[in-house]
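The values are calculated or read from the model by the stated rules, or taken from the named source; none is laboratory data. Predicted, not measured: the structure shown is a model, and the values here were computed from it. Every residue, glycine as well, gets a Cβ built from its backbone with ideal geometry; the counts of neighbours run over all protein chains shown. SASA here: full protein model, heavy atoms, side chains in, ligands and nucleic acids out. Shrake-Rupley method; radii C 1.70, N 1.55, O 1.52, S 1.80 Å.
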Amino acid sequence: MRLLIAYATTDGHTHEICERIAALVTAAGHQVDVVEIGLVCAQTLEACDRVVVGASIRYGRHPARVSEFI
């Protein structure tokens, strides 16, 4: 299985969490791409079997780029 973890972060904490998830999934024998959500292209999406979105929350809202991606 190939997994895409697309993330949006403000202070870097979400990225750290996504990297930890990626390490666990990789250790289980799967391929993982961790990509900032604004840099995800159609080719990357097409190559993956599953997508996980990680996003920070500020004042009860995700960054606008998360909504645009979804």
Review point. How high is the FRET efficiency between residue 53 and residue 26 when r is their beta carbon distance and R₀ equals 22 Å, given to the nearest 0.05?
Key: 0.75
Revision key, fill the gap. A chain fully extended from residue 13 to residue 43 at 0.36 nm per residue, minus the present Cα-Cα distance, gains in nm 8.1 nm
Check your understanding: Amide H to amide H under 5 Å from residue 7: which residues, 5+ apart in sequence or cross-chain, H placed 1.01 Å off N in plane?
Key -> 35, 36, 37, 54
Check your understanding: If you add up the charges near residue 1, with Lys and Arg at +1 and Asp and Glu at -1, over every other residue whose beta carbon is less than 9 angstrom from its beta carbon, what do you get?
Key -> +1
Point to revise | Accessible area of the chain divided out per residue, in Å², using a probe of 1.4 angstrom | key: 67
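At a 1.4 Å probe, what is the % contribution of carbon and sulfur to the accessible area of segment 1-65?
52
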Review point. How high is the relative contact order of the chain, in percent, with contacts defined as C-alpha pairs under 8 Å that are six or more residues apart?
Key: 46
Review point. Does anyone have the angle between helix 13-27 and the longest principal axis of the chain? Alpha-carbon axes, 0 to 90°, nearest 10?
Key: 10
